[in-house]
Structure formats: C-alpha cells, structure tokens
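Here it is, the structure, as structure tokens.
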Amino acid sequence: MRIGRFCEIHPGVRISESNLDDDIEVHREAVIERSQIRDGAIVGAAARLTDVVIGSMSEIRSEPYNQTVLEGCVALGDEVVVYPGVYLSDEVAVYPRLKIPSGIAIPPGVDVTGPADVLRYL
C-alpha cells in the first residue's frame, strides 16, 4: 500500500493493497481495496472501491445513506464526476471529463465515451 503526499484520510476509512497518489481526499467510512487513485481525486463518504482505477481530479460522490460502489475492473478517466448512489462494475470504462448521474444503469463491459452514452443508459 502507498499513500502519497498531502492526502487527507478521514476517520473510519479502510484502505488495503492500494496506491493513492498525491493530494487525495478520502471521506469517512470509505473502503478502498486493490485500487489505484490518481492525483487530486476525492472519494466520498462510505464509497466502496474495489479493483478500480480512478483518474486524476475525479470525484466519487457518495453519502452514507446513498452509497456509491465501483468494483470489478472499473476505470474512470481524468476529471470524471460520479454522483451518489451509482453502481458500476465488471469492466466498465468511463472516458475523461464525463459526469455519471445517480440512477444510471451501465451494463458490464461498456465504454462510456461521451455524453450520448451517458444519456443512453439513464
């Protein structure tokens, strides 16, 4: 496990077998396992990240009562915003600078390449 410089890790966070680059903020009760989190990313409260790659300056919004879960070889590009309650799994890839809204249902193995793909799965 590696945690970079200037990271802010809130109480109750669990991190195992992961690499966190510099300037990352991980909010309370988040769980990060076997994942790569790039520079400047924010992981919201109670988020669960397992076997994922999160791009630089991305934001995983999550709330204890509306948990965000990313698992199973999910990859997010730089500056992606994932809203609370989103569930992504099984080799989903999200291209840079996209917003993934609550209520979206992206099938396994899909590459979300632009806003039209986001609208397709809402």
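The values are calculated or read from the model by the stated rules, or taken from the named source; none is laboratory data. Worth saying up front: this structure is predicted, and the values here are computed from it rather than measured. Protein only, heavy atoms only, side chains kept; ligands, DNA and RNA dropped before computing areas. Shrake-Rupley method; radii C 1.70, N 1.55, O 1.52, S 1.80 Å.
Rounded to the nearest whole Å², what accessible area per residue is found for region 1-100 with the 1.4 Å probe?
48
Another question, if that's okay. Viscosity 1.306 mPa s, temperature 10 °C: Stokes-Einstein D of region 29-88 from its Kirkwood Cα radius, in µm² per second? Write down the numbers at each step before the final one.
On the way: Rh = 10.8 Å.
Stokes-Einstein gives a translational diffusion coefficient of 147 µm²/s.
May I ask for the Kirkwood hydrodynamic radius of region 57-108, worked out over all distinct Cα pairs and given in angstroms to one decimal?
The Cα-based Kirkwood calculation yields 10.8 Å.
Which value in deg cm²/dmol, rounded to the nearest 500, describes the helix-derived mean residue ellipticity at 222 nm for the chain, given -39,500 (n - 2.57) per DSSP H run of n ≥ 4 and division by the residue count?
That calculation yields -1000 deg cm²/dmol at 222 nm.
Next up: Kindly write out, for region 117-122 in residue order, the coupling ³J(HN,Hα) from the Karplus curve 6.51 cos²θ - 1.76 cosθ + 1.60 (θ = phi - 60°), rounded to whole Hz, with x marking Gly and Pro.
5, 4, 5, 4, 9, 6
On to the next question. What do you get for Rg/Rh of region 19-120 when both radii come from the Cα atoms and Rh is the Kirkwood radius?
With Rg and the Kirkwood Rh in hand, the quotient comes to 0.92.
Take the alpha carbon atoms of region 60-81, find their center, do the same for region 1-15, and report the distance between the two centers in whole angstrom.
With region 60-81 and region 1-15 each reduced to a Cα centre, they are spaced 17 Å.
Out of the total accessible area of region 1-117 (probe 1.4 Å, heavy atoms of protein only), what percent is carbon and sulfur? Walk me through the numbers on the way to the answer.
Values: 2760 of 5610 Å².
The C+S portion of the solvent-accessible surface of region 1-117 is 49 percent.
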